[in-house]
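In what follows, a structure is listed as structure tokens, so that the remarks can point back to it.
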Amino acid sequence: MEPSTAPIFILGMMRRSGTNFLSDLLTLHPDCVSAAPIHEDFLVARAGHLSRYVDAVTGSWTPTWGVPDERRRLLRHLGDGIAEFLQEGHEAKRVVTKTPRVEHLDLFFRLLPRATLLLLVRDGRNLVASTVRSFDVNEEAARQQWALAGRAILDFDTRNRESGRRYRIIRYEDLHTAPESAMRDVLSVCDLDPARYDFDAAAKVPVRGSSRVRAERAEVHWQAVEKDDAFRPDEHWRDWEPYQHARFATVAGDVQQALGYDLAPAVASSARDRVRDAVDGTSWRIRRLRQRVWLDRKR
């Protein structure tokens, strides 16, 4: 499978990153098709199982056989199967598939060296606020999850920046404020002809899954809704209190700035805020410890 016929993967930092939006924009190109009804594939997020499988299989081969280290080749061929699974029945088009997770991002090009990867990032303040509003998620958990995802993306970029691999870090905000420029960059890395793309239609793509634009529903849904003046995806954090800004800066300020986003000016913390900071930090460490214990038992 050549890169020009391989699937296009969209991986978002977490839910609320805008993976639906980027997929809708990209599938406006006549050479692309959505992976639906697989709306979120989780193929990379669960790739740790494949890595462990490869290690277990090759580790079972007796050293005296003289077999060379075949782990990378075996993993790559498993990835070829994933690509063929996605593309089957769509040989004339590029399948666009998405997942709002970046776990095992380091395995992506070991599995799928011919695929194109679009990493979708978003201002952490807006993403955290939108996540809490949409799914009633613990705010500290959302902050920590965003920071972990951001560090994974930054580390991946550091390792692959000079590799010539086909990937791009895309800012969600750029897709809204400068859609033509952003999409020309996306089309370029995907090796898609911009002359065949409808940029006028891209500027009018409706919203799906917004925490604010809900078409008179109480819950978040994924039906298309036309954008109006109420749709301001960069203002979710405007009602944050100083402690929320300060805690976000503590947890994720370095990642926020490394990804090119701003932080609120620092303000002096109160004794109450320092207690809240300690409680939030401790609760997150306990949560992570419980997760690790649960995962160890599951394995």
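Some points to look at:
Quick grid of which residues meet (1) more than 20 Å from Leu192 (Cα to Cα); (2) polar (S, T, N, Q); (3) without any contact (Cβ under 8 Å) to a residue 24 or more places away in the chain:
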| position | (1), (2), (3) |
| --- | --- |
| Gln87 | no, yes, no |
| Lys93 | no, no, no |
| Thr97 | no, yes, no |
| Leu112 | no, no, no |
| Ala129 | yes, no, no |
| Arg159 | yes, no, no |
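- Members of region 102-122 found to be surrounded by fewer than 22 Cβ atoms within 10 Å (Cβ to Cβ) and not aliphatic (A, V, I, L, M), listed by number: Glu103, His104, Asp106, Phe109, Arg110, Pro113, Arg114
- Some residue of region 43-60 being over 23 Å from Pro179 (Cα atoms), among the polar types (S, T, N, Q) and not in a helix (DSSP H, G or I): yes
- Positions within region 15-61 being more than 25 Å from Tyr172 (Cα to Cα) and of a type in the set (Lys, Arg), in sequence order: Arg52
- A single member of Arg122, Arg168 is without any contact (Cβ under 8 Å) to a residue 60 or more places away in the chain and not small (Gly, Ala, Ser), and it is Arg168.
- Against the list (1) assigned to a helix (DSSP H, G or I); (2) within 27 Å of Asp31 (Cα to Cα); (3) in contact with a Gly (Cβ under 8 Å, 6 or more places away or on another chain); (4) hydrophobic (A, V, I, L, M, F, W, C), the condition Val102 fails is (1).
- Residue pairs meeting the criteria (Cβ under 8 Å; at least 6 apart or on separate chains; first part of a loop (DSSP other than H, G, I, E, B) and modelled with pLDDT under 95, in region 186-206; second among the acidic types (Asp, Glu) and surrounded by fewer than 16 Cβ atoms within 10 Å (Cβ to Cβ)): Ala203/Glu180; Pro206/Glu226
- Qualifying positions in region 20-42 - out of contact with any strand residue (DSSP E or B) (no Cβ under 6 Å at 6 or more places or on another chain) and assigned to a helix (DSSP H, G or I): Asn20, Phe21, Asp24, Leu25
The values are calculated or read from the model by the stated rules, or taken from the named source; none is laboratory data. Note that the coordinates shown come from a computational prediction; the quantities given were computed from them, not determined experimentally. Cβ coordinates were reconstructed from backbone atoms using ideal geometry, including for glycine residues, and neighbour counts include every protein chain displayed.
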